[in-house]
Amino acid sequence: MNNLHKLDLNLLLTLNALLIERNVTRAAARLHLSQPSVSVQLGKLRTAFDDPLLLPGPRGMLPTARALALFAPLQAVLVQLEQVLQPESAFDPATAEVRWNLAAADATEYAILLPLLASLRAQAPLSRMAVFEAVPARMAHDLESGQVDLGFLAQEEAPPGLRHRTLFTEHYVLAGRRDHPLLQAAPDLDQFCALEFIVVSPNGGGFRSNVDTALEQLGRARKVALSVPHFLIVPPLLAASDMVALLPSRLLKNALGALRTWEPPVTLPDYEMAMVWHERMHLDAAHRWLRERIMASLQTAVHDFPM
């Protein structure tokens, strides 16, 4: 046989039937084809394999040595093809031993994974989940290569060509400790600029954000005293100091006992948090189940934490 691309794979079914029945008429009946059609296909098989394959005998047809050598691997291949073409079985979370790789910033982990975790462990007890730091510039590559199954980032950062779904709209609030001496009422712009801020810089060491750009357009500036790489360290730092920070509102869901929040006196745009995935995983039953559980858990969380 010269090349697989030159062979009609249906001919393999004919060859299998002929080797089982060793009779063209019975092989045709097995295949629900006419005898002349099977005879034509046998001719094509002989050409493709450069071998007679089946020869006339006293009680039917006799396979050649080449045909006998083909029979076992042919049966194995056909079984595998049947498995490939079977409809996808339903995903059973109760018994599935599946691993999911997610990429998210720490504030997103808090907002999305915290509401999800209890139901996920109850419904899919044998599953495992690994969470990696989300790097927007690398997200498309990580999803395409399979290093990451689901990514979470701001909608505006979502790479083109990926499947996505908006999870929620987030906005920033000004947060400080509840007994902060300068935050007993909503601050005006002068008071806002006089406060000492903590800034989250995911790449490390940054002291600026879009807040500073907005202030500069008003001819103002604020004081940034501390830069940290992660969001989750900020609430305890605020509770233990007179520093303040602009934080995603969902991050403060369980920290409001020690902290209080205000709308900032400078306009900051809201942003949409998106879940993104590669097309190759779109129809995967386990992946689809996880996406649905994430959406359901966020809908439940909304009732406890109004936006």
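The values are calculated or read from the model by the stated rules, or taken from the named source; none is laboratory data. Quick caveat, the model's predicted, so the values are computed rather than measured. When we count neighbours, we look across all protein chains shown, and the Cβ atoms used for this are built from the backbone with ideal geometry, even at glycine. Areas reflect the complete protein model, heavy atoms only, side chains present, ligands, DNA and RNA absent. Shrake-Rupley method; radii C 1.70, N 1.55, O 1.52, S 1.80 Å.
Right, Leu102: among the aliphatic types (A, V, I, L, M) and either over 21 Å from Arg280 (Cβ atoms) or in a loop (DSSP other than H, G, I, E, B) (or both) or not? When the stated conditions are applied, Leu102 does not pass them.
Going through (1) part of a strand (DSSP E or B); (2) assigned by the TED database to the domain that holds Pro115 one by one, Ala225 falls short only on (2).
Applying the condition of being part of a loop (DSSP other than H, G, I, E, B) and modelled with pLDDT under 95 to segment 189-208 and asking which residue is most open to solvent (accessible area, probe 1.4 Å) yields Asn203.
Checking each residue in segment 134-152 for being surrounded by 14 or more Cβ atoms within 10 Å (Cβ to Cβ) and over 12 Å from the mean Cα position of the chain (by Cα) picks out Ala134, Val135, Pro136, Arg138.
Thr267 satisfies every condition listed in (1) in contact (Cβ under 8 Å) with a residue 24 or more places away in the chain; (2) in a helix (DSSP H, G or I); (3) not aliphatic (A, V, I, L, M) except (2).
Given the criteria closer than 17 Å to Ala107 by Cα and touching a strand residue (DSSP E or B) at 6+ places or on another chain (Cβ under 9 Å), does Pro265 qualify?
Numbers: closer than 17 Å to Ala107 by Cα: no; touching a strand residue (DSSP E or B) at 6+ places or on another chain (Cβ under 9 Å): yes.
The answer is no for Pro265.
Thr261 fulfils the conditions (1) among the hydroxyl-bearing types (Ser, Thr, Tyr); (2) open to solvent by 30 Å² or more (accessible area, probe 1.4 Å); (3) part of a helix (DSSP H, G or I) except for a single criterion, (3).
Confirm whether Ala107 is free of Cβ contacts under 8 Å to residues at least 24 places away in the same chain, of a type in the set (Gly, Ala, Ser) and part of a helix (DSSP H, G or I). No. When each of Leu174, Leu238, Leu182, Leu247 is tested for being in contact (Cβ under 8 Å) with a residue 60 or more places away in the chain and part of a loop (DSSP other than H, G, I, E, B), the lone residue that passes is Leu182. For first residues located in segment 41-55 and over 12 Å from Val24 (Cβ atoms), partners that are among the aromatic types (Phe, Trp, Tyr) and lie 6+ apart or on another chain with Cβ distances below 9 Å do not occur.
Among residues of segment 14-26 that are touching a residue at least 12 places away in the same chain (Cβ under 8 Å), those with a Cβ under 6 angstrom from a residue that is among the hydrophobic types (A, V, I, L, M, F, W, C) and outside any helix (DSSP H, G or I), sequence gap 6+ or separate chain, pair up as Leu18/Leu54; Arg22/Met61.
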